[in-house]
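**Student:** My structure is below; once you've seen it, I'll send some questions.
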Amino acid sequence: MRAVLQRVRWAKVEVEGQTVGEIGVGVLVLLGVHRTDTPEQARWLAQKVAGLRLFEDEQGKLNRSTSEVGGAMLVVSNFTLYGDCRKGRRPSFSESAPYEQGEALYQQFCECLQAEGVPVQKGVYGATMQVSLLNNGPVTLIVDTPD
């Protein structure tokens, strides 16, 4: 699995003009699921993301997690994170998980985040979505599960 984390002041996701998920201070998580990913990797990634210290303490060091600052996470599925652009001009998405597997692991990731005590809002898996956000920092990290 691959997660692109963006620290935000606010973020929202819309589907067909309707807001389906919205947070204030927190983290926007763009989540890609690889075709070989497992439930164990979804749990590992959720624990890692929930505990990451992306927010400053009094000394300006990144020492506080999302929960410690009273933040939330907005999780948006993004199969294009596994787009391979090495050949030609059209990305190949053959490494992305098939729909059913990807959706199941996306849902499991969100449930595991909630179990870690992080308030979670979600997009709609597989939908065309419009994501709006106000970056804070910017602080952007990419987290991949171990092989």
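No lab work stands behind these numbers, since they all come straight from the coordinates. Quick caveat: nothing in here was measured; it's all calculated off a predicted structure. FYI the Cβ positions are ideal-geometry reconstructions off the backbone, even for glycines, and counts take in every protein chain you see.
**Student:** Select from the stretch 42-58 the residues that are touching a residue at least 60 places away in the same chain (Cβ under 8 Å), touching a helix residue (DSSP H, G or I) at 6+ places or on another chain (Cβ under 8 Å) and not aliphatic (A, V, I, L, M) and write down the one among them that is nearest to P138 (Cα to Cα).
**Tutor:** Q47
**Student:** Hey, another quick one. Looking only at the stretch 80-104, filter to residues that are surrounded by fewer than 20 Cβ atoms within 10 Å (Cβ to Cβ) and among the hydrophobic types (A, V, I, L, M, F, W, C); which one of those is farthest from T128 (Cα to Cα)?
**Tutor:** Filtering first and then ranking leaves C85.
**Student:** Of the conditions (1) exposed (fewer than 15 other Cβ atoms within 10 Å of the Cβ); (2) polar (S, T, N, Q); (3) touching a residue at least 40 places away in the same chain (Cβ under 8 Å), T19 clears all except one; give me its number.
**Tutor:** (3)
**Student:** Pick out the one residue from V120, V139 that is under 22 Å from Q6 (Cβ atoms), surrounded by 14 or more Cβ atoms within 10 Å (Cβ to Cβ), β-branched (V, I, T) and out of contact with any Cys (no Cβ under 9 Å at 6 or more places or on another chain).
**Tutor:** After applying the criteria, what remains is V139.
**Student:** Could you grab the pairs with beta carbons closer than 7 Å, sequence gap of 6+ or different chains, first residue in the stretch 59-70 and without any contact (Cβ under 8 Å) to a residue 12 or more places away in the chain and within 16 Å of Q47 (Cα to Cα), second one outside any loop (DSSP other than H, G, I, E, B) and not charged (D, E, K, R)?
**Tutor:** R64/F55
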